[in-house]
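Asks: If you scroll down you'll find the structure; I have some questions about it.
The values are calculated or read from the model by the stated rules, or taken from the named source; none is laboratory data. This one's a predicted model, so the numbers in the text were calculated from it and none came from an experiment. Cβ placement follows ideal geometry from the backbone for every residue including glycine, while neighbour counts extend to all protein chains displayed. With ligands, DNA and RNA removed, areas are computed over all heavy atoms of the protein, side chains included. Shrake-Rupley method; radii C 1.70, N 1.55, O 1.52, S 1.80 Å.
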Amino acid sequence: MNNRLVAWLLCLVMLLCTGAVASAATNPNVGSGYYPGTSEEGAISVEVTTISVMNPIKQTYNTEFSVNRHMWDNLVKLDSETNEIIPAAAESWESSEDGLTWTFHIREGMKWVNSAGEVVGDVTANDFVFAWSELLNPANACEYYAFATVFKNAQAYYDYASGVEGAEEVSLEDVGFHAVDDYTLVCELEQPLPYFLQYMKFEVMAPIYEPFYTEVGADYYGTSPDTLLYSGAFYMTEWVLENRIVTVKNPYWWNADQVELEKINWIKYTDTNAKYNAFLGGEMDIIDITGEQREAFEAEGYQPSSYVGGYSYYFYCNVEDTERDISNLNLRKAISYAIDRQQFIDTVFKNDNVPSPSFAFGINGVNTETFSEVVIEANGGEPLYPPTANEELAKEYLAKALEELGYTDASQVDITFMVSEGTQNELFHQVIQEQLRRVLGIEAKLEVLTITEARARRNAHDYDLFAGGWGPDYNDPMTDLDLWTTGNGNNHTGYSSEEYDALIEQARTELDPVAREQIFVQAELLLAEDMPIIPTYWRYEDYVVSEKLVEGYNRLPFQGYNLFYTKLAE
């Protein structure tokens, strides 16, 4: 394997393995006198990038999940220091010997509160049954509905409810989850799932109180603080769309005695300089920073923090709409080879981001430290996507594309990048735009939208190319690779391959770990061949924390923020 690639992978593995320890450590900047943080007593202000959807079953973005996990308790959670599964709404559980039946014992005394902090009802097993039923309701168009298809008969029910031709009639009562009583929940799985508890911690599996949901209505639930009920450590009191969310401590939470924070202000920023200046001016306590900003902090002796969350970034390509030029495979390959991934990292991010050698990132291998190593080895030791431009290959693929599209010149190629607003994101696209102009002679257009507008367009498959990112929801290649199956709620490319679908389905039932891993390797190689996405980089995340936070400001893989037990300077 390429030595530089080995070094990248080993570095990233070390970061993933040590991130929990580093994030849980005491703030090294306390007492330095540089940035004391915000002045509001008992409160912190934290940067987020997206806060446009708060109905838990409809969320898709990491920062929305971070807010979510503070407002609702799933059956289980991840520990704030070790990242291990711990009890949450379920105080205990057991599984059958064959792993197909799980019984959860719901913690008694948990309460639903509204945005005024008033108790509305008790949390019971029925709240999980109802929430998962709505996750499987095709009318809700939940992008993460597939998380609920691990239950017995759930996919068959979803297909029937969706009106799939030839689908067998299956009722909701046939799906493998039901409440035995208020505090006993039984789950039956379609097949054994070694990481089932990782599924249960995932934020879209949060409970919903049916009487309130019915009263508000499915279309309005989660559109404001007072159209939600809360069962977690905090509840929402304010939400200004595309701006901020305010959450305050829930005194009725089962472990409220251990929560010192009184308030978390979740603030959205799109301008990297604006949030940097806000931190310098004592208006923010945690922000992500650019490579240049990291150097500036280090130069004055203020120590930034970092972690790797396993986020892989790529361009979605609309391969469904055959009227669009981007639906041409050779054009997509020309673009991939024309992109100089290391150049835009060096010129835009100026940090430790890594050119994507493969798609799946942050996942352990069976007999290797990372799954990516196995993929690269299967590709002859070479990355699936080159770190620097291969201009010769790019032009060869372009020539094929032009012939297939009926064009005589690259200037006739019509592609538009849909761009989420944000100074760094816009600069990133401008660099890509110039690379395509220089190498291929393609004049790509840029269309800048708010994330809410871009999300709607992406979901409607109304775009050519759109930059997105994906982080692992659990530590298994399935978390990345089942995205691109036909009809998956997060497959916004329109990609549909019987061969790819068959590989993923085969992996679901293969019990031998090594054989299963090789199936995933085949899927990765096929994904690179069909190229519905163009991977660009793996994200390395730097951030700074004000001196107001002493410890407990944890940022870990699989949970971007965990601030339950943050301790503040006195």
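Asks: Of everything in the stretch 170-200, what is open to solvent by less than 60 Å² (accessible area, probe 1.4 Å), within 21 Å of T124 (Cβ to Cβ) and outside any helix (DSSP H, G or I)? Give them in sequence order.
Replies: V175, G176, F177, A179, Y183, T184, L185, V186, C187
Asks: V348 is checked against (1) part of a helix (DSSP H, G or I); (2) farther than 28 Å from Y35 by Cβ and fails just one. What number does that condition carry?
Replies: (2)
Asks: Could you tell me which residue of the stretch 181-202 is farthest from the chain's Cα centre (by Cα), considering only residues that are within 17 Å of Y145 (Cα to Cα) and among the aromatic types (F, W, Y)?
Replies: F196
Asks: Here's something else I'd like to know. Tell me, please, whether a residue that is surrounded by fewer than 17 Cβ atoms within 10 Å (Cβ to Cβ), free of Cβ contacts under 8 Å to residues at least 12 places away in the same chain, not in a loop (DSSP other than H, G, I, E, B) and not hydroxyl-bearing (S, T, Y) can be found in the stretch 452-462.
Replies: Yes, the stretch 452-462 contains at least one residue that is surrounded by fewer than 17 Cβ atoms within 10 Å (Cβ to Cβ), free of Cβ contacts under 8 Å to residues at least 12 places away in the same chain, not in a loop (DSSP other than H, G, I, E, B) and not hydroxyl-bearing (S, T, Y).
Asks: If you take the residues of the stretch 151-169 that are crowded, with 18+ Cβ neighbours inside 10 Å and of a type in the set (A, V, I, L, M, F, W, C), which of them is farthest from L185 (Cα to Cα)?
Replies: A156
Asks: Also: Could you please tell me which pairs satisfy a Cβ distance under 9 Å, a separation of 6+ or placement on different chains, a first residue in the stretch 44-70 that is under 16 Å from E453 (Cβ atoms) and open to solvent by 10 Å² or more (accessible area, probe 1.4 Å), and a second residue that is assigned to a helix (DSSP H, G or I) and of a type in the set (A, V, I, L, M, F, W, C)?
Replies: T49/I451; S52/I451; T60/V204; Y61/I451
Asks: A further question follows. Yes or no: N140 farther than 26 Å from Q258 by Cβ, surrounded by fewer than 22 Cβ atoms within 10 Å (Cβ to Cβ) and in contact (Cβ under 8 Å) with a residue 60 or more places away in the chain?
Replies: Details: farther than 26 Å from Q258 by Cβ: yes; surrounded by fewer than 22 Cβ atoms within 10 Å (Cβ to Cβ): yes; in contact (Cβ under 8 Å) with a residue 60 or more places away in the chain: yes.
It is true that N140 is farther than 26 Å from Q258 by Cβ, surrounded by fewer than 22 Cβ atoms within 10 Å (Cβ to Cβ) and in contact (Cβ under 8 Å) with a residue 60 or more places away in the chain.
Asks: Has the stretch 77-88 got at least one residue that is open to solvent by less than 20 Å² (accessible area, probe 1.4 Å), farther than 19 Å from V259 by Cβ and either touching a Phe, Trp or Tyr at 6+ places or on another chain (Cβ under 6 Å) or at pLDDT 95 or above (or both)?
Replies: No: the stretch 77-88 contains no residue that is open to solvent by less than 20 Å² (accessible area, probe 1.4 Å), farther than 19 Å from V259 by Cβ and either touching a Phe, Trp or Tyr at 6+ places or on another chain (Cβ under 6 Å) or at pLDDT 95 or above (or both).
Asks: Moving to a separate point now. Would you list the strands (runs of 3 or more DSSP E) that sit entirely within the stretch 215-296 and hold 2 or more residues that are under 22 Å from P36 (Cα atoms)?
Replies: Strands (runs of 3 or more DSSP E) meeting the threshold: 244-249, 263-268, 286-288.
Asks: If the Cβ limit is 8 Å and pairs must be 6+ apart or interchain, which residue in the stretch 486-509 that is free of Cβ contacts under 8 Å to residues at least 40 places away in the same chain pairs with which residue that is among the basic types (K, R) and open to solvent by 20 Å² or more (accessible area, probe 1.4 Å)?
Replies: Here the result reads A507/R516, each pair linking the stretch 486-509 to a residue that is among the basic types (K, R) and open to solvent by 20 Å² or more (accessible area, probe 1.4 Å).
Asks: Also, quick follow-up: Take I519 and tell me if it is free of Cβ contacts under 8 Å to residues at least 24 places away in the same chain and hydrophobic (A, V, I, L, M, F, W, C). Please lay out each step first, then the result.
Replies: Values: free of Cβ contacts under 8 Å to residues at least 24 places away in the same chain: yes; hydrophobic (A, V, I, L, M, F, W, C): yes.
The answer is yes for I519.
Asks: Give the number of residues within the stretch 279-293 that are open to solvent by less than 40 Å² (accessible area, probe 1.4 Å) and over 23 Å from I51 (Cβ atoms).
Replies: 1
Asks: How many residues does the stretch 520-568 contain that are assigned to a helix (DSSP H, G or I) and open to solvent by 10 Å² or more (accessible area, probe 1.4 Å)?
Replies: Narrowing the stretch 520-568 to residues assigned to a helix (DSSP H, G or I): 520-530.
Pick out the ones that are also open to solvent by 10 Å² or more (accessible area, probe 1.4 Å) and you get 522, 525-526, 528-530.
Within the stretch 520-568, residues that are assigned to a helix (DSSP H, G or I) and open to solvent by 10 Å² or more (accessible area, probe 1.4 Å) number 6.
Asks: Residue check, Y314 against (1) hydroxyl-bearing (S, T, Y); (2) open to solvent by less than 10 Å² (accessible area, probe 1.4 Å); (3) under 30 Å from I44 (Cβ atoms), all met but one. Which one?
Replies: (3)
Asks: Follow-up. Restricting to the stretch 354-363, give me the number of residues that are more than 10 Å from T536 (Cα to Cα) and either open to solvent by less than 10 Å² (accessible area, probe 1.4 Å) or at pLDDT 90 or above (or both).
Replies: Step one: of the stretch 354-363, the residues more than 10 Å from T536 (Cα to Cα) are 360-363.
After this cut, where a residue has to be either open to solvent by less than 10 Å² (accessible area, probe 1.4 Å) or at pLDDT 90 or above (or both) as well, the list is 360-361, 363.
Residues that pass the stated criteria total 3.
Asks: What number goes with the only condition from (1) closer than 17 Å to S115 by Cα; (2) open to solvent by less than 20 Å² (accessible area, probe 1.4 Å); (3) of a type in the set (S, T, N, Q) that T223 does not pass?
Replies: The number of the failed condition is (2).
Asks: Also: Against the definition (touching a His at 6+ places or on another chain (Cβ under 9 Å) and either more than 30 Å from T493 (Cα to Cα) or at pLDDT below 95 (or both)), how does I287 come out, yes or no?
Replies: On the way: touching a His at 6+ places or on another chain (Cβ under 9 Å): no; either more than 30 Å from T493 (Cα to Cα) or at pLDDT below 95 (or both): yes.
Considered against the rule, which asks whether it is touching a His at 6+ places or on another chain (Cβ under 9 Å) and either more than 30 Å from T493 (Cα to Cα) or at pLDDT below 95 (or both), I287 comes out as no.
Asks: For residues that are among the small types (G, A, S) and at pLDDT below 95, tally how many sit in the stretch 112-146.
Replies: 2
Asks: In the stretch 258-278, what residues are crowded, with 16+ Cβ neighbours inside 10 Å and within 23 Å of S80 (Cβ to Cβ)?
Replies: Here is the first cut: in the stretch 258-278, the residues crowded, with 16+ Cβ neighbours inside 10 Å are 259, 261, 263-270, 272, 275-276, 278.
V259, L261, K263, I264, N265, W266, I267 - these are the residues of the stretch 258-278 that are crowded, with 16+ Cβ neighbours inside 10 Å and within 23 Å of S80 (Cβ to Cβ).
Asks: Name every residue in the stretch 493-511 that is open to solvent by less than 20 Å² (accessible area, probe 1.4 Å) and modelled with pLDDT under 95, in order of residue number.
Replies: A507
Asks: Can you name the condition, by its number, that W470 falls short on among (1) open to solvent by 10 Å² or more (accessible area, probe 1.4 Å); (2) modelled with pLDDT of 95 or more; (3) among the hydrophobic types (A, V, I, L, M, F, W, C); (4) in contact with a strand residue (DSSP E or B) (Cβ under 6 Å, 6 or more places away or on another chain)?
Replies: (2)
Asks: Touching a residue at least 60 places away in the same chain (Cβ under 8 Å), open to solvent by 10 Å² or more (accessible area, probe 1.4 Å) and part of a helix (DSSP H, G or I) - does that describe any residue in the stretch 99-115? Working first, answer last.
Replies: Kept after step one, since they are touching a residue at least 60 places away in the same chain (Cβ under 8 Å), are these residues of the stretch 99-115: 99-115.
From what is left, the residues that are open to solvent by 10 Å² or more (accessible area, probe 1.4 Å) are 99-103, 105, 107-109, 111, 114-115.
Within this subset, residues satisfying the condition of being part of a helix (DSSP H, G or I) are none.
No, there is no match, as no residue in the stretch 99-115 is touching a residue at least 60 places away in the same chain (Cβ under 8 Å), open to solvent by 10 Å² or more (accessible area, probe 1.4 Å) and part of a helix (DSSP H, G or I).
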